[in-house]
Amino acid sequence: MTTLLAAFLVVAALPFFIVTWRTALAALSLQGLLMGWMFFQRAPVVSLDSILALVDLVAVRGLLVPFMLYRVMRTQNALRRGDTILPNLLSLMMIAALIALAFRLASQLDPSGAESQTTIAVAVSALLLGLFTLATQTGVFTQAVGALCVENAISLFELGRGNSAPLPVELGMVAVFLLSACMYALYVRWIQPGQAQEFSAEGPIL
Amino acid sequence: MIIERPREAPAAGLEKASVWPMGILVGLSLLAVGCSCALVISASAEKTRLLDGYLLIDPTARLFLLLINSIFFGVAFYMWYLIRTIPQIAKRIKRSAALSCAFMVAANLAILSNHFLASWLFLELTTLAAAPLVIREGTRSSLLASWRYFLFSSVGLALALLGFACIARSLESSGSPVTLFIDQLATSAPSNLWQKVGLALVLLGYGTKLGLAPMCTWLPEAYDEAPPSVTAMLAAVQFNCVLVGLFRVIQVFRAGNQELVAAQLLACGLLSMAVSAIGIITTKNYKRLLAYASINHAGVIAVGLGIGKTAMYGLLLYVVSNAYIKAILFLTAGRIKAHYHTKDMREVSWLIKDLPYSGLLLMVGTFALLGLPPFGSFIGELLILSELIRGSYLVVFVAFCVLLAITFVATGRSIFPMIWGEAKTKAWWPRQSLRSVLPKLVFLGALVSMGLYLPATLNALFRQVAASLGGQ
């Protein structure tokens, strides 16, 4: 599982090095698929809970959500490097510092040094990278990707421990994540860069 | 020359079919108010579990269900009245009614939830329902405000979710049974590093939704851009649902340690009050001013929660009063904007003559907003201040008083010229009918009664909720 965690970390940092919107979506997709793999390794027993978790990680986070955003970006004929995180020395140093901070924090929270510590470190790294994206970017697509990265980081964090939520609540959480992702895709479609300030004259409102 | 001002009349030729969605919403909200009243009148301090323990009816749920449902009924009535008088709105009413209904169902379930994650889930659903409602057709600025509202809310709630995951880890690491059912956690919550991190993240996440600094930047924009009825729902309904979420956390984790997250709450509260004071001084937009005042309220509430003890009763009075104040003021601001076609307070004057009802409501609402007697907000602030002195929080007391004084002066200086200032342009508006201001007058009645006379049943309910929060 440590190799998969290392792969997750590389994938989370990838959009900061290869700056195209397709890379950002591929990274999101790989995060979901890697989490699905990790989950399968950890709990290969087939149950309703594990099927739901796999559907959430692989089908929803790994395939459906990135594909939805891909369709929107394709429809808009988005530029290859449009609305992406442009790297510079300062931002790359910040990324390295955030990852180091995450590992330090994980060692404080879980001093056992076991795999659970690495899981926490990678999850916190992905969380901080997502928040860093949100704090530094203004484009709707990049911000949506940053928010989804934060959501994936929380999923990874929860992978490292036993399940505490009953099945109906888990089901609701998957549904809410899917609805949120649909909203992100809608906003990316609605708010196109360079659009006129006002669409038309405003009418009466409720 | 005297010009007769015509009364507002229902739009002629409006098809019956276009009003029914809002009629259903009004009916449902009335039913919800009736159920909430029945729950309050039952006057039981006991907790009732429903649906395998997923829902819990306790004094906190009773009080806040009555609060949010009464406000939602007023807002739904206001929307129904507008649709009857302005046919253009009726065209897109089905979508608004459906989303408002979903919002209200989710808000009720968020308050009733007995599981931290279920409560979180329903709060997220209120955000999903409210975000499209913030968008005003034809304005890109409202679309951007809706986006920022949705983004901040989602990220804030994601942080709260991470906080709950940390709390689950704290239970796991201490060998306690891992459950996030609120009534089961109450007796078994241990205290360790995971718990502290978890609680800080929950506070940060829910604080974002409440508009607490430093994550409050979405709030002035969203409240300013959203239609008035939606702003009232966000400020008076959703705010209180999130607050109940925070109350639940405090009820569980403060039981063993009264000082838990007290310092963080005090810091967030004072910072929010400072941010709001600066915003109120600098803005020239009356709707945005009210939004900054909401940040101030969130700050006062955080300070009250931070000090606890006898401040809890005052805090609850303050919370309930402010829900009605915000509903009155945001709906009135919408009315003013609809007539003057501007949100610039320098362009609005002589309101008390131009729009007598709106002028009066803005005046009384501002008095309540500023915490003047005889309103509940006055008693609430007074109790919080007295607990600050009793608890020897002298630095906090001084900062609190200074920030309140600045807010008081800046708000009065901006709002009162709108009400009494000399008219800049002579204009005659259609006379407002009593029905158009009825919901606001009912809110005002509730607000005044809380300061002058609180029925024994409600007073007992306030005391039960205050006691559950560690109040004395």
Pairwise centroid distance, computed over Cα atoms, of the range B:282-334 with the range B:163-240, Å: 18
Projected area averaged over orientations for the range A:2-59, convex hull of C-alpha atoms, nm²: 4.0
Relative contact order for chain B, counting Cα pairs under 8 Å that sit 6 or more residues apart, in percent: 17
Rel. contact order, % - alpha carbon contacts under 8 angstrom, at least six apart, the range B:261-472: 31
Kirkwood estimate for the range A:2-190, i.e. one over the average of 1/r between Cα atoms, Å: 16.9
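Shape verdict for the range A:1-103, please, from the Cα gyration tensor: rounded (a/c under 1.5), prolate (a/b greater than b/c) or oblate. Intermediate results must be reported in sequence, preceding the final value.
Working: a/c = 3.60, a/b = 1.31, b/c = 2.75.
In terms of gyration-tensor shape, oblate.
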Rounded to 10°, Cα long-axis angle of helix A:140-159 versus longest principal axis of chain A: 20
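Can you give the Rg to Rh ratio for the range B:261-472, taking only C-alpha atoms and Rh from Kirkwood? Display every interim value, and only then the final one.
Working: Rg = 17.8 Å, Rh = 17.7 Å.
Checking Rg against Rh, the ratio lands at 1.01.
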Within 10 Å of each Cβ in A:146-153, the average number of Cβ atoms from other chains: 3
Tilt relative to chain B, helix B:193-210 - C-alpha long axis, 0 to 90 degrees, to 10: 10
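For A:Phe67 and A:Thr138 in the same chain, what is the full-extension length gain: residue separation times 0.36 nm, less their Cα-Cα distance, in nm?
Numbers: separation 71, 0.36 × 71 = 25.56 nm, distance 2.22 nm.
That pair, A:Phe67 and A:Thr138, stretches by 23.3 nm at full extension.
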Helix B:356-369 vs. chain B, principal-axis angle (Cα, 0 to 90°, nearest 10): 20
Once the Cα gyration tensor of the protein assembly as shown is diagonalised, semi-axes √(5λ) in Å: 41, 30, 24
Long-range amide H partners of B:His115 with built H, under 5 Å: B:Ile182
The range B:185-307, Cα convex hull volume normalised per residue, Å³: 86
Order of B:Thr217, A:Thr133, A:Thr118 - criterion: other Cβ atoms within 10 Å of each residue's Cβ, fewest first: B:Thr217, A:Thr118, A:Thr133
Sequence-distant residues sharing a close amide H with B:Gly421 (under 5 Å, placed H): B:Trp350, B:Leu351
Two-decimal Rg/Rh across the range B:183-249, once Rg and the Kirkwood Rh are taken from alpha-carbon atoms: 1.10
In the range B:265-392, lysine pairs closer than 27 Å at Cα, eight or more apart or cross-chain: 14
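Relative contact order for the range B:171-229: what is it in percent, counting Cα pairs under 8 Å that are at least 6 residues apart? Don't skip to the end; give the middle numbers.
Working: 20 pairs, mean separation 9.5, N = 59.
Rounded, it is 16 percent for the range B:171-229.
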Against the rule of thumb 2.2 N^0.38 Å, how large the Cα Rg of chain B comes out: 0.95
Residues with amide H under 5 Å from that of B:Asn285, placed H, sequence gap 5 or more: B:Met345
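Taking other Cβ within 10 Å of each residue's Cβ, how do B:Ser18, A:Ser116, B:Ser321 sort, fewest first? Walk me through the intermediate numbers first.
Working: B:Ser18 18, A:Ser116 15, B:Ser321 26.
Ranked by crowding around the Cβ, least crowded first: A:Ser116, B:Ser18, B:Ser321.
Read-outs throughout are calculated quantities, based only on the coordinates presented, and are distinct from any laboratory measurement. Computed from a prediction, not measured in an experiment: that's the story for all the values here. Note that we place each Cβ from the backbone using ideal geometry, even for glycine, and neighbour counts take in every protein chain shown.
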